[in-house]
1. Give me a count of the residues in region 100-124 that are surrounded by 12 or more Cβ atoms within 10 Å (Cβ to Cβ) and among the aliphatic types (A, V, I, L, M).
2. Need at least 3 residues that are touching a helix residue (DSSP H, G or I) at 6+ places or on another chain (Cβ under 9 Å) per element, so show me which helices (runs of 4 or more DSSP H) inside region 10-127 make the cut, counting only ones lying wholly within it.
3. Go through (1) farther than 27 Å from residue 124 by Cα; (2) more than 22 Å from the chain's Cα centre (by Cα) one by one and return the number of the condition residue 62 breaks.
4. What about residue 35, is it exposed (fewer than 10 other Cβ atoms within 10 Å of the Cβ) and within 24 Å of the chain's Cα centre (by Cα)?
Amino acid sequence: MPTGKVRFYDEAKGFGFITTDDGQDVFLHATALPAGSPAPKPGARLEFGVADGKRGLQALSVRVLEAPVSLAKRARKPADDMAIIVEDLVKVLDDIGGDLRRGHYPSSGHTKKVAAMLRKVADDLDA
């Protein structure tokens, strides 16, 4: 069976194209994807059957071999560095928790900084 990478896929329209390992473009329709599978991302490696359709080659019975590594995963910090960041964040949150137990909310400026830190750490972990 031929293999290739997803060049693009439009989930709303239900189709896209695969570039085979030998450089040919193959039409990919949603009906060729495994039932219940998410839409393929650009760069995903696929194995598929091929049929000669009205407008050229068309993929049949697609099987995902390897999902692409996201740019965010490639650029994320090493786990050792993230451990230090998370530990520091826990200390900051612990200080805020102590203030809250004493009936004092942190200042608006401080809460915005902490919220931004939480979002950034969450994004780094979720990448």
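Derivation of every value follows stated rules applied to the coordinates shown; laboratory data play no part. As the structure is a computational prediction, the values presented were derived from the model and not from experiment. Cβ coordinates were reconstructed from backbone atoms using ideal geometry, including for glycine residues, and neighbour counts include every protein chain displayed.
1. Of the residues in region 100-124, 4 are surrounded by 12 or more Cβ atoms within 10 Å (Cβ to Cβ) and among the aliphatic types (A, V, I, L, M).
2. On the way: elements: 71-75, 79-101, 108-126.
Hits in region 10-127: 79-101, 108-126.
3. Unmet condition: (2).
4. Numbers: exposed (fewer than 10 other Cβ atoms within 10 Å of the Cβ): yes; within 24 Å of the chain's Cα centre (by Cα): yes.
So residue 35 fits the description; yes.
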